[in-house]
Amino acid sequence: MKKKIYNYDFLIVGAGLIGSLAALALHQKKFKVLAVDKQRKISQDNRTLAVNANSKDFLNQIGIWSKLKSKPQPINKIIIKDYINKYPLIFENNKESMGNVVFNQEVLSEAIKACSEKKILINNFDLDYNNLPKNNIINIKNKIYSFKKIILSVGKKVKFNSIDETQDKFYKNYQLAHVGFFTHSKVHNNTAYEIFTKNGPLAVLPSPYKNNLKSTFIYSSKQKITNNNIKSLIKKNFINSHGKIIFDKNFYDYPIIVKINKDKSNYILLGDALKSIHPVAGQGWNLGIRDIQTLCKLTNQFSLESKYINQVYFARRFTESMAYLSFTSSLNFLYENFTPLTKNIVKFGYQTLSNSRKLKNIFIKQAMGRINLID
Ligand SMILES: Cc1cc2nc3c(=O)[nH]c(=O)nc-3n(C[C@H](O)[C@H](O)[C@H](O)COP(=O)(O)OP(=O)(O)OC[C@H]3O[C@@H](n4cnc5c(N)ncnc54)[C@H](O)[C@@H]3O)c2cc1C
């Protein structure tokens, strides 16, 4: 007897921070979606996410934002300092917070829970995405499925046979991001900091705890850095603003991979599978949310059978991803390769931004995800 074929609109390979949310967004649009993930259960992630205003709206729309139990910490002010310029650059937006800091783990748990409730997720299934059949008919745990579109959201560590990988030219020696938390005696005033040191950028953000006396840091460097180096760097820079600082016991390391993938096949790449950028601007996941939003919009314009969806999607997302990748990588390159020329470029950019309210507003809106470079 012939086996029954289950007809679906989308297969999403990889239900991490982007794939699981894509599944919920497409399901909300009444598509028949199945997401698969190779993990049996959610792996530990000790990072926080700076969720920009656009991504917060998205999480609200798919019903995840209201489920976050720890208190998302608004970012109302961003202070940028470096070792070249005397005065800091300050960004503020009085109309709405520029972003909110949440725990990665919490967003992922809620998204996975919602996917499981809607029965659109299969865990513990490692799909060989390099050898998928051309007709999109796939055996998953002994059931035969047929899909109209296949989405790959398998994260940044993957190797695709059929996809060109363009590694960042500026940035071949990748950094490690060191992440940790500290409590402090003064409140953080919902201010985020980015300090460009000679060894790499240090970000300090309000952490999602109720009392405003806890912050998190991300310090990325190509150099070998000890925990004690990080502690003294933070104490030196934050004793005045944050008061007495006590670090949590564990620090965590995350590799930074900077690359962009060019699809040569028929798949749609979402999140870090499309591009993985340096976390200095805290925008990698926010860009992944934009990937989902663009895809959802295109499903209003094209039928799923159309190849144009893939092409238009890629054209739109590649451009914005490339812009961010180039911006974040150039920024690091300039600060880490100190010469009279790089110093002057940084000084010029800094002063132009400080002196122009209009430029600053554009910068803020961009960081908030309120400007669409291409849409
Ligand atoms: C230190 C650090 C701080 C950051 N901070 C921010 C921030 O503040 N704001 C921001 O916007 N971004 C930030 N980012 C970026 C953000 O973390 C990533 O962009 C985001 O997590 C990518 O999600 P993803 O779903 O694409 O990939 P992942 O979360 O890696 O998910 C991939 C999923 O695919 C699954 N998978 C892989 N292969 C298979 C397979 N063969 N079959 C089935 N499943 C498979 C995996 O199990 C995993 O669940 C930061 C990054 C770093 C390193």
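The values are calculated or read from the model by the stated rules, or taken from the named source; none is laboratory data. Computed from a predicted structure; not experimentally measured. So basically every Cβ, Gly included, is an ideal-geometry build from the backbone, and we count neighbours across all protein chains shown.
Could you grab me the full set of residues in segment 55-65 that are over 17 Å from VAL101 (Cβ atoms) and not in a loop (DSSP other than H, G, I, E, B)? Once the filter is applied, which keeps residues that are over 17 Å from VAL101 (Cβ atoms) and not in a loop (DSSP other than H, G, I, E, B), segment 55-65 yields only GLN61.
Here is a yes/no grid of residues against (1) crowded, with 18+ Cβ neighbours inside 10 Å; (2) over 15 Å from the mean Cα position of the chain (by Cα); (3) over 27 Å from ALA177 (Cβ atoms):
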site	(1), (2), (3)
ILE5	no, yes, yes
VAL13	yes, yes, no
LEU26	yes, yes, yes
LYS29	no, yes, yes
GLN73	yes, yes, no
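For segment 240-275, residues that are buried (at least 19 other Cβ atoms within 10 Å of the Cβ) and within 16 Å of PHE314 (Cβ to Cβ) total 12. The residue list SER241, SER220 contains one member that is touching a residue at least 24 places away in the same chain (Cβ under 8 Å), of a type in the set (S, T, N, Q) and in a strand (DSSP E or B), which is SER220. Reported count of residues in segment 2-54, each being part of a helix (DSSP H, G or I) and more than 7 Å from the ligand (Cβ to nearest atom), is 11.
In this structure, is SER97 over 30 Å from ILE137 (Cβ atoms), hydroxyl-bearing (Ser, Thr, Tyr), away from the ligand (no atom under 14 Å from the Cβ) and in a helix (DSSP H, G or I)?
Working: over 30 Å from ILE137 (Cβ atoms): yes; hydroxyl-bearing (Ser, Thr, Tyr): yes; away from the ligand (no atom under 14 Å from the Cβ): yes; in a helix (DSSP H, G or I): no.
No: the conditions fail for SER97.
Taking segment 135-160 as the range and being assigned to a strand (DSSP E or B) and not β-branched (Val, Ile, Thr) as the test, the residues that pass are ASN139, LYS143, TYR145, SER146, PHE147, LYS148, LYS149, LEU152.
Residues in segment 58-71 that are at pLDDT 95 or above and exposed (fewer than 15 other Cβ atoms within 10 Å of the Cβ): ASN60, GLN61, GLY63, SER66, LYS67. So for segment 290-311 (the condition being acidic (Asp, Glu), at pLDDT 90 or above and crowded, with 20+ Cβ neighbours inside 10 Å), does at least one residue qualify? Yes, some residue in segment 290-311 is acidic (Asp, Glu), at pLDDT 90 or above and crowded, with 20+ Cβ neighbours inside 10 Å. Restricted to segment 200-217, and to residues there that are within 16 Å of the ligand (Cβ to nearest atom) and part of a loop (DSSP other than H, G, I, E, B), the residue that is surrounded by the most Cβ atoms within 10 Å (Cβ to Cβ) is SER207.
Residue-by-condition table, conditions (1) in a helix (DSSP H, G or I); (2) within 26 Å of LEU152 (Cα to Cα):
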{"site": "PHE314", "(1), (2)": "yes, yes"}
{"site": "ARG317", "(1), (2)": "yes, yes"}
{"site": "MET322", "(1), (2)": "yes, yes"}
{"site": "LEU325", "(1), (2)": "yes, yes"}
{"site": "PHE333", "(1), (2)": "yes, no"}
{"site": "PHE348", "(1), (2)": "yes, no"}
{"site": "THR352", "(1), (2)": "yes, no"}
{"site": "ASN361", "(1), (2)": "yes, no"}
{"site": "GLY369", "(1), (2)": "no, yes"}
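Considering each residue of segment 113-131 in turn, at least one proves to be within 10 Å of the ligand (Cβ to nearest atom), at pLDDT 95 or above, among the charged types (D, E, K, R) and outside any strand (DSSP E or B).
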